[in-house]
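These notes are about the structure you will find just below.
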Amino acid sequence: MHNAPFLIKYKLHHLFFWMMLFGLWYFLRYEDYSTEAKAFTVTFIKVADLAIMVYLTNYLLIPQLLYKKRYLLFGICFIAMVFISSIIKMNILGHVLNAPQLMELTGNVKARIYDNVIPHFFLVISGAAFKLMIDHTRMQQHLVEMAREKAEAELNFLKSQINPHFLFNSLNSVYFLIEKNNVEARDALHKFSGMLRYQLYEMNGDRIPVEKEFHYLQDYVDMQKIRRDENYQVEFNCSPDVKGFEIEPLLLVPFVENAFKHISHQKEQANFIKMQCNLENGAFHFAITNSKEPIGKAAEKHAGIGLNNVKRRLELLYPEKHELKITNGMDTFKVDLVIKI
């Protein structure tokens, strides 16, 4: 069981498949050649030629053309690839077998097409069909997993949701109990009320405007700054062009929570959290860096449940459309997130 991920990671199962095909091909055709060495060479050339076409089709033509609905261009490129590959293979075999007639484009064209082009066409199509079947299965599993994750999230949200009217009335009562000259306390309670309203009422859809998400983040940061003294520096810089698109709600909060949770507590130097977001080349960039206790001084684990959850959410919600880089340095922890909009 432990060997399966290793094999898949390094594509060793592909190597085993081509080795088995090579052995079978050699066993069936080695008697057609004068020497075993020549039979081995010819079999290797034919299997390598087929493998190259299969991988070009499955990892280049299908993702870049077929899945992007460029069907005509896919068909043209596929047919051209088969013909060009057949010509190159016949030239190589002509040199290996010392058979000049194999290198000529003229003469017995029907036999050449029957012996080379047509078998290649159907063999490569078979490999492409296998990949399409696997991709379809993976997509179905992905959709089922997304539906399950969404149902679980909605259920957890309903479980954690309390009577909002009672809660907001209670907050309003507390707000008026605070003395008017205690501006900081009133402002903090007002921000907390806004954050709660955002979670209860505004994030019911699949995605929300990025402006609302950052307004929530700003309130969260302001609430956290109240708890910190002057030795803690918190910067939140957001480019003005980060607007006009939607994002999954509460997608960035776990990164910010993690930074505040694991920020260093140095007395002789500043402890900091720096957040930066901008829009560049159609991609949303979010970066957050926090100072942390040096490795070895404190047994600290940054990658907690919150970060693991958000990693999983990104995989489900933005498959192949995001890049997440986490750097756990000696005295800093940095998260870089890029999402294609």
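The values are calculated or read from the model by the stated rules, or taken from the named source; none is laboratory data. Note that the structure is predicted; figures quoted are calculated from it, not measured. All Cβ positions, even for glycine, are placed from backbone atoms using ideal geometry, and neighbour counts span all protein chains on display.
The table below gives the values:
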| read-out | value |
| --- | --- |
| Selection within segment 245-281 - assigned to a loop (DSSP other than H, G, I, E, B) and within 19 Å of E235 (Cβ to Cβ) | L252, H262, I263, S264, H265, Q266, Q269, A270 |
| Residue list for segment 78-94, restricted to those being buried (at least 18 other Cβ atoms within 10 Å of the Cβ) and either closer than 28 Å to H136 by Cβ or at pLDDT 85 or above (or both) | F78, M81, V82, S85 |
| Residue match in segment 248-259 (condition: crowded, with 19+ Cβ neighbours inside 10 Å, within 22 Å of S193 (Cβ to Cβ) and in contact with a Lys or Arg (Cβ under 8 Å, 6 or more places away or on another chain)) | yes |
| Residue check, G304 modelled with pLDDT under 85, surrounded by 13 or more Cβ atoms within 10 Å (Cβ to Cβ), among the small types (G, A, S) and farther than 21 Å from K212 by Cβ | yes |
| Matching residues in segment 58-77 - criterion: being surrounded by 15 or more Cβ atoms within 10 Å (Cβ to Cβ) and over 22 Å from the mean Cα position of the chain (by Cα) | F74, C77 |
